[in-house]
Structure formats: C-alpha cells, structure tokens
Amino acid sequence: MLEALAPFHPRFVHFPIALCIVGAAFIGFGMLRRQARWTGYGQISLLLGWAGILVAIVTGLIDQAAAPDDATVVALINQHITAGVALVIAVGLALYWPIRNKGRWISSARWGYLALLVVIVGLVILESWLGGKLVYQYGVGVR
C-alpha cells in the first residue's frame, strides 16, 4: 500500500521551502523595522520550516533507494543532500542565535544575522533548483 504513495519526498518539501523563506523575510522585516512581533513570527516559521526540513530529509533518503543508478544522477543527488545538510545547519544556527544572545541579537549582531538569513534563502533556492533538476531533467521519482 505504501508503494502506491511513493515517492514520498516531493510531498514534504514545499512547506519547509515556504516556511524558511517566509520566516527569513519576517525576521528581516522585523529587525530592520525593530518590531519584535515580526521577528517572533519569523522564528516560529523558521522553527516549523526546520522541522519540515528534517522530515524532507528522511523521506528523501527513503526515496533515494529508487533513484536511477546513473553516475550523473548520483552526483546530483549527493549535491542535493549536501545542500540540505547545510540548510539544516544554517536554519539551526538562525534558531540558536537569538537564544544564545538573549535579545541582544536584534541590535548588536543585526548584520551578521541578516547575512545568515540571506544564506538560508540562498540555500533554499539552491536546494529547490537541484531538486527540480533531478525531477525535470533526469526524471527522478517520475519515471
């Protein structure tokens, strides 16, 4: 019965993509405007996005077993996995930073934190592009 639902990974990637981008945008907006409620909304979005990334990683590793055994596809999957691990780390850092700095992160380390948010959005875009290339160029999970 579960085979009829495969592949699993595409079902779990869209919410983390949206939550990470929206979370980064809300936090950036809140920090630039100095409005704590927006940074709070962003942190909640990032936390949900981070949890979703973990689910997407697990389902991606499950679906990887059905991927074609082509050297190009395997190399692209490895790049996709590497970018995914980097994304988990970057979002984890973005979640940890405010806890570590106890509220001072909004003013004193604002530009470093904003740079981290830009890195997160860049990694989401890279991950999405690699995943799209796997699906649309090589037919992974489709054929």
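The values are calculated or read from the model by the stated rules, or taken from the named source; none is laboratory data. Nothing here was measured: the structure is a model prediction, and the numbers come from that model. Backbone-built Cβ (ideal geometry, glycine too); neighbour counts: all protein chains shown. Protein only, heavy atoms only, side chains kept; ligands, DNA and RNA dropped before computing areas. Shrake-Rupley method; radii C 1.70, N 1.55, O 1.52, S 1.80 Å.
Quick notes on this one:
- Of all the numbered requirements in (1) more than 20 Å from His9 (Cα to Cα); (2) open to solvent by 40 Å² or more (accessible area, probe 1.4 Å); (3) small (Gly, Ala, Ser), Ala75 misses one, and that requirement is (1).
- Here Ala24 clears all of (1) in contact (Cβ under 8 Å) with a residue 60 or more places away in the chain; (2) under 16 Å from Val135 (Cα atoms); (3) not basic (Lys, Arg) except the condition numbered (2).
- Checklist (1) part of a helix (DSSP H, G or I); (2) open to solvent by less than 60 Å² (accessible area, probe 1.4 Å); (3) among the small types (Gly, Ala, Ser); (4) at pLDDT below 90 applied to Ala67, failing item: (1)
- Residue check, Ile120 in contact with a helix residue (DSSP H, G or I) (Cβ under 8 Å, 6 or more places away or on another chain) and buried (at least 17 other Cβ atoms within 10 Å of the Cβ): yes
- The range 39-65 residues that are more than 13 Å from Ala94 (Cβ to Cβ) and of a type in the set (D, E, K, R), paired with ones that are open to solvent by less than 70 Å² (accessible area, probe 1.4 Å) and in a helix (DSSP H, G or I) (beta carbon under 7 Å, 6 or more apart): Asp63/His9
- Put simply, of Val58, Val85, Val91 the only residue that is at pLDDT 90 or above, surrounded by 14 or more Cβ atoms within 10 Å (Cβ to Cβ) and assigned to a helix (DSSP H, G or I) is Val91.
- Filter result for Pro7 (under 18 Å from Val135 (Cα atoms), open to solvent by 50 Å² or more (accessible area, probe 1.4 Å), in contact (Cβ under 8 Å) with a residue 60 or more places away in the chain and not in a helix (DSSP H, G or I)): no
- Residue pairs whose Cβ atoms lie under 7 Å apart, sitting 6 or more positions apart in sequence or on different chains, and linking a residue in the range 111-123 that is in contact (Cβ under 8 Å) with a residue 60 or more places away in the chain to a partner that is of a type in the set (Phe, Trp, Tyr) and open to solvent by 30 Å² or more (accessible area, probe 1.4 Å), are Tyr113/Trp97.
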